[in-house]
Structures are given as C-alpha cells and as structure tokens.
Amino acid sequence: MSEAQYTTKKEIAKRVKALKQEITFLESIHTGCGSCDAFDGRGCKRAGGVEPPPEVKLSGCPEWKWDEVPF
Ligand code: SF4
C-alpha cells in the first residue's frame, strides 16, 4: 500500500472540500466554441475560419481549448 497522504479526519475533510470545489468549478466551464481559443467570434481558426455548425458551436469539438476568459 502507498504511503498515506492524509492521516487525520480533518485533513481528509479539507481535501474532500477542495476537490468538490474544483469539480464544481470544472463543471461550470462551458466547452462550446465561444470559450475556445480558436474561435474568432464567427469562425474557427483551426478550420481556416470556417463557421462551425450550430451543434458544434454549442458543445465544442475535440480540439476545444479553453481561452481562460471567464465570460
Ligand atoms: S471548439 Fe473546435 S470548432 Fe469550436 S472554435 Fe474550438 S477548435 Fe474550433
């Protein structure tokens, strides 16, 4: 068995709380084209400026990469 990182209930509870906060944050990130670093407001720079279809705009594609802009 690996060496324990958390040896007290308090440490475990603190870690669980931090992980839950991170999961909430990650789940709040919208992964559509609008938040992708390749989106220029109309088209996709990775696709030569072609406008993605509505369903792709909404949910993004596998090449989605977050621009880290929070809005
Ligand atoms: S999610 Fe995909 S299609 Fe949309 S802008 Fe990013 S790379 Fe282009």
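The values are calculated or read from the model by the stated rules, or taken from the named source; none is laboratory data. Small disclaimer: the values here were computed from a predicted structure and weren't measured. Please note: Cβ atoms are built from the backbone with ideal geometry, for glycine as well, and neighbour counts cover all protein chains shown.
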Enumeration of residues in the stretch 26-59 that are in a helix (DSSP H, G or I) and either near the ligand (Cβ under 9 Å from one of its atoms) or of a type in the set (Val, Ile, Thr) (or both) | 33, 34, 35, 45, 46, 47, 56, 57, 59
Any residue in the stretch 19-28 that is among the aliphatic types (A, V, I, L, M) and at pLDDT below 95?
-> yes
Answer yes or no as to whether residue 28 is without any contact (Cβ under 8 Å) to a residue 40 or more places away in the chain, under 18 Å from the mean Cα position of the chain (by Cα) and surrounded by 10 or more Cβ atoms within 10 Å (Cβ to Cβ).
-> no
